[in-house]
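Enquirer: Have a look at this one.
Laboratory data are not the source of any read-out in this text; all were calculated from the coordinates shown. Keep in mind that what you see is a predicted model, and the values were worked out from it rather than measured. Glycine also receives a Cβ, built like all others from the backbone with ideal geometry; neighbour counts cover every protein chain displayed.
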Amino acid sequence: MIRSIFCLFVVLVAAWWSVPAPLLAADDTVCIQCHSGQEGRLAAPVAEWRTSIHAANGISCNDCHGGDPTDFAMAMSPERGFIGAPEYTEVPDFCGRCHVGVAKEYKAGAHGKAINDGGAQCVVCHGNHAIQRASLDLINEESCTRCHTYERAALIKMSLVETDTIIKKVEHNLNRLYRLGFAVEDMKGEVFNQRNRFHRIFHGVDVERVRQETAGVQGQLDKILKQIEAIDTTLGERKLWGSIVLGLFLMVGITFLLLRKAYEDEEKG
């Protein structure tokens, strides 16, 4: 009996530790506990949030809305930093507390400058609670034509897709070299920086600027591709010399066997 209880305890502890720490922390907030027990619009944010990139990274209600996530009585108290839901025009600053570079680009662009007249802001394109990982799929005719024609957005997306393809190519090759044992950390860091720069670009929705900036990103990526090509050239030369050395060893081995056989035949004769 005692042994069975001990085994059950071990299983429960293992199950607990197998759950990602950020998710445990996020689900443990009083915000989640309270709203999960509500109905209708009060419960909807929790279900939506659970599918989001925020939930996957342990970002919970209080990280955006403030308040005390450990105290039911004070969870929505301004004294504990609760700020609630922002007004329409306040959303860029609200999200920009974390997404600093994106917010800066947005405010300088056409959408940001028109926000007081109903210009699109973050949640119009990304949603509020069910926020998904950033993707070029968000730039599409169905979404963009809710407010305007798709032509400019299509031109922007064309430049972005081209750059995104190069980024994926570079990342694939760096991962390949890493598996072969090459030190590629510095190059991976530079690709990370260029990807972040790339993600900020299109929030300004300026076609010419997007083209200029993507050209700059592609220029940096091209430098990394040349480094990869140099490593591949060295790797190819190593394989060539390795093949030559192996071939020489085989020739020496075969020659030795032939000489030995000839000697044995002569001894028998």
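Enquirer: From the phi of every residue in region 143-156, what ³J(HN,Hα) in whole Hz does the Karplus formula 6.51 cos²θ - 1.76 cosθ + 1.60 yield, where θ is phi - 60° and glycine or proline is x?
Expert: Rounded to whole hertz, the list is 6, 5, 6, 5, 10, 7, 6, 9, 4, 5, 4, 5, 5, 4.
Enquirer: Count neighbours as other Cβ atoms within 10 Å of each site's Cβ, and list the GluC sites (Glu not before Pro) in region 73-167 that are DSSP loop with at most 10 such neighbours.
Expert: GLU87
Enquirer: Would any residue of region 72-96 have its amide N under 16 Å from a label point 7 Å out along Cα→Cβ of GLN38? List them or say none.
Expert: Backbone N within reach: 72-78, 82-86.
Enquirer: A further question on this structure: Per residue of region 205-215, what does 6.51 cos²θ - 1.76 cosθ + 1.60 with θ = phi - 60° give for ³J(HN,Hα)? Whole Hz please, x for Gly and Pro, Karplus curve as stated.
Expert: Rounded to whole hertz, the list is 6, 10, 4, 5, 5, 4, 4, 5, 5, 5, 5.
Enquirer: Next question. Please give the peptides 214-222, 112-120 ranked by average Cβ packing (other Cβ atoms within 10 Å per residue), highest first, as a rough proxy for protection. Walk me through the intermediate numbers first.
Expert: Working: 214-222: 16.2, 112-120: 13.7.
Final packing ranking: 214-222, 112-120.
Enquirer: Another one. Quick check: Cα centre of region 42-112 to Cα centre of region 165-239, how many Å?
Expert: Spelled out, the Cα-based centre of one part sits 32 Å from the other.
Enquirer: Could you give the length gained by full extension between LEU257 and LYS223, i.e. 0.36 nm per residue of separation minus their alpha carbon distance, to one decimal place?
Expert: 7.1 nm
Enquirer: My understanding is that a pair violates if its Cα-Cα distance is over 26 Å; which of LYS157/LYS223; LYS113/LYS168; LYS107/LYS157; LYS188/LYS226; LYS157/LYS188; LYS113/LYS157 do that in this structure?
Expert: Violating the 26 Å limit, Cα to Cα: LYS113/LYS168.
Enquirer: So, one more: Relative contact order of region 34-165, please, whole-number percent, based on alpha carbon pairs below 8 angstrom and at least 6 residues apart.
Expert: About 20 percent, as a whole number.
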